[in-house]
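Report on the structure given below.
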Amino acid sequence: MRQGQSLVMTPQLQQAIKLLQLSNIELAEYVDAEIERNPLLERGEEKDRAEAALELDAPETSSKSDLKLDEGSGLTEARDNLDASNVDVYEADSPSEQGGGPSATLDWSNAGSGGNSRGGADDFDFESMLSEDKTLRGHLEEQLAAAGLDGADHFIAQRLIDETDDSGYMRTDTAEIATMLGTSEDSVLRVLKTCQGFDPAGVMGRDLKECLRLQLEELNRFDPAMDAMLDNLELVARRDMKKLAELCGVDREDLAEMLSELRELNPKPGAAFDADRSPAIAPDVFVRELPNGMFAVELNVDTLPRVLVDRSYYAEVSRVSRTEDEKSFVTECHSSANWLVKSLDQRARTILKVAQEIVRQQDGFFARGVEALRPLNLKTVADAVEMHESTVSRVTSNKYMSTPRGVFELKYFFSAAIPATGGGEAHSAEAVRHRIKALIDGEQAGAVLSDDQIVERLRAHGVDIARRTVAKYRESLKIPSSVERRRILAGSV
């Protein structure tokens, strides 16, 4: 015989962890499946808020009962209101520190119910998932993940993908996107150029001409004659070959060859993919700017399922239960129902707590835009909210935050950090990338900077960076090597 210790996760703890990583759509489906399985669970009906509302205890008094008996219906209701202390307000551009400002009340009493299109997690069909056709959005996001963009550029690229339609065109004005994200139009155009190199060729063109030009460049068939043809596509449609040949400066034979190449191009590069049938994203958290320049963080009550436990039915069934199996089943259903209510409550609290810390850490982004992103990792947030990194990782996956600058997944607010020389405050990777670009933009024909020289200049400004990292960031910015830049500058003199 041997005595030992081991860590065992109870089914209840496994359920709590599972609920934490579900998106709001998956959570609604999971709750629907639990209601169907457990006869003691019911979804809250719309009724008088004065009767239905039940204030949720503050964190310091949360040891009190989570449930309250409704004498009229015999139904036990999950807590309906979050205490005001769970809605924080942050001052823009303030140092990242604990504490908040004035609070706002957040009500859960009219939480939405969600659909039941796919059943519970146990009924999930992995085989059908694997056989699903890929959407254009999913295909572009896969390439974005491998593109090496981080910080501000990743934010911009994600927004550009969001604005791309099913045909593969990005028709939204780049100046409008720049204004929304609080960055320059040049930065948006630079990231757009990177994204236009994604597969399929021609994707994210802003009009037909740009779409076709991108495909021709991919085939190395774009020249001044073809550029003139793309400028006069209306003549191609009218089959005015004589005038088209004059404008392109080619003879009839070359023109016929050019038209043949044009017909082989795809005017709708996104049509090969399934249309994106995913529902519109419902944010889990709202960030609102207040008149005093501060930011309020609130949960989206419409994504929180309202679950009731029928205690009167439980008492009635318990009285008529005869066999041990019947009594055991009723007790298990009652315990499972109570635990689900507590798990939903804890999930909401955790999401709000993590979202509050993200807003506190990244307040510069909300005030000044994408250029003010700070370096942030899971450990920093986990330490601040006194949770494990794995918990924060689950919370930030498939959870979205609606901000004055748009809707973003929580994980997008995490960016790499570049250490500072002398033990100073770390620099965000995006800020370092902008410094590298600024140094190269200021080069003269006789003073082109090598990667080693860029490293020296950055270290002189307190940035501790390796030459390999400089080369990686330079390549991600589509900036050629110092040898190639020297040739370009010499040719322009």
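Report, by residue number, each residue of segment 466-493 that is touching a strand residue (DSSP E or B) at 6+ places or on another chain (Cβ under 9 Å) and either modelled with pLDDT of 85 or more or among the charged types (D, E, K, R) (or both).
To start, the set of residues in segment 466-493 that are touching a strand residue (DSSP E or B) at 6+ places or on another chain (Cβ under 9 Å) comprises 469, 489.
Scanning segment 466-493 gives a single hit, 469.
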Using the structure shown, decide if residue 273 is within 30 Å of residue 363 (Cβ to Cβ) and either β-branched (Val, Ile, Thr) or surrounded by 13 or more Cβ atoms within 10 Å (Cβ to Cβ) (or both).
-> no
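Every residue, every condition in (1) under 15 Å from residue 350 (Cα atoms); (2) under 15 Å from the mean Cα position of the chain (by Cα); (3) surrounded by fewer than 18 Cβ atoms within 10 Å (Cβ to Cβ), yes or no:
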residue	(1), (2), (3)
381	yes, no, no
390	yes, no, yes
396	yes, yes, no
403	no, yes, no
409	no, yes, yes
414	no, yes, no
Is it true that residue 450 is among the small types (Gly, Ala, Ser), surrounded by fewer than 17 Cβ atoms within 10 Å (Cβ to Cβ) and more than 23 Å from residue 194 (Cβ to Cβ)?
-> yes
Candidate set: segment 244-267, residues that are among the hydrophobic types (A, V, I, L, M, F, W, C) and over 26 Å from residue 200 (Cβ atoms); chosen: the one surrounded by the fewest Cβ atoms within 10 Å (Cβ to Cβ) | 256
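The values are calculated or read from the model by the stated rules, or taken from the named source; none is laboratory data. Nothing here was measured: the structure is a model prediction, and the numbers come from that model. Neighbour counts are summed over all protein chains in view; Cβ atoms, including those assigned to glycine, are modelled from backbone coordinates with ideal geometry.
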